[in-house]
Amino acid sequence: MTVDPTSRDARPFDLLDPSVLVVSATRSEARYIPKGTRLLITGIGKVAASMALTRELSARPQTRQVINIGTAGALHDHHSGLFVPSQVIEHDISSAELVAMGYPVVDRWNLPDGDGTVLATGDTFVADSLRRAELAERADLVDMEGGAIAHVCAAFEVECRLIKIVSDPADETAMDWPALVDDAARRLGDWLTGR
């Protein structure tokens, strides 16, 4: 499944509007975003993303929308291209066990104007066919920051959009990610420019 960048999968946004914040884990993933875009580079993983975005939203409370761009691994062979997930789940927290002990845990967030896909977020770089198959039972894509971004946005009551481009199949070949990220970043930049 590939999303048509000209489709109605998203409400319009103005990247030059200072209340719109584009968030990326790495500079390499954000290399081709339009000039003048307000950009936050968080670093890799849930903790880095949470800390950086919390600092930014605390300092600039006028932020009304966060757009998280980045790469993702495909958990199904038929997934390629660009996706706007409708839901993100945190795949590496023991939610069922914590809830059973009486500690309520939020581990999923619904997102506006998505394309129906589910993104799984965790601090593990998935490069293993067995782990991929396990995650494929719950999600379509996997990344390392989207769930954290959605969690912080929910806490600050800021609209959150996730824009993910498949860079690899989340199996043993995912270790080629450094060689694949530039093409993925270019496609993310083209999508943002085309909005």
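The values are calculated or read from the model by the stated rules, or taken from the named source; none is laboratory data. The model shown is predicted, which means the values in this text are computed figures rather than measured ones. Note that each Cβ is placed from the backbone with ideal geometry, even for glycine, and that neighbours are counted across all protein chains shown. Just the protein is used for accessible areas: all its heavy atoms, side chains included, with ligands, DNA and RNA removed. Shrake-Rupley method; radii C 1.70, N 1.55, O 1.52, S 1.80 Å.
Here are the numbers:
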{"quantity": "Residue among A150, A30, A127 with the largest mean-square fluctuation in a Gaussian network model of the chain, springs linking Cα atoms under 10 Å", "calculated": "A127"}
{"quantity": "Read-out P(r) over Cα pairs in 5 Å bins from 0, in percent, derived from the coordinates shown; its label in (i) 1, 7, 16, 19, 21, 18, 12, 5, 1, 0; (ii) 1, 8, 17, 22, 22, 16, 8, 4, 1, 0; (iii) 1, 7, 12, 17, 17, 14, 13, 10, 5, 2, 1, 0", "calculated": "(ii)"}
{"quantity": "Antiparallel bridge percentage (DSSP; both residues within the chain; nearest 5)", "calculated": "25 percent"}
{"quantity": "Estimated FRET transfer efficiency (T173, V47; beta-carbon r; R0 22 Å; 0.05)", "calculated": "0.25"}
{"quantity": "Solvent-accessible area per residue for the range 23-99 (1.4 angstrom probe, square angstrom)", "calculated": "43 Å²"}
{"quantity": "The chain: most fluctuating residue of K46, K164, K35 per GNM, C-alpha cutoff 10 Å", "calculated": "K35"}
{"quantity": "Exposure rank, largest accessible area first [R161, R186; 1.4 Å]", "calculated": "R186, R161"}
{"quantity": "Distance in nm between pseudo-label sites at L98 and E137 (7 Å out along the Cβ direction from Cα)", "calculated": "2.1 nm"}
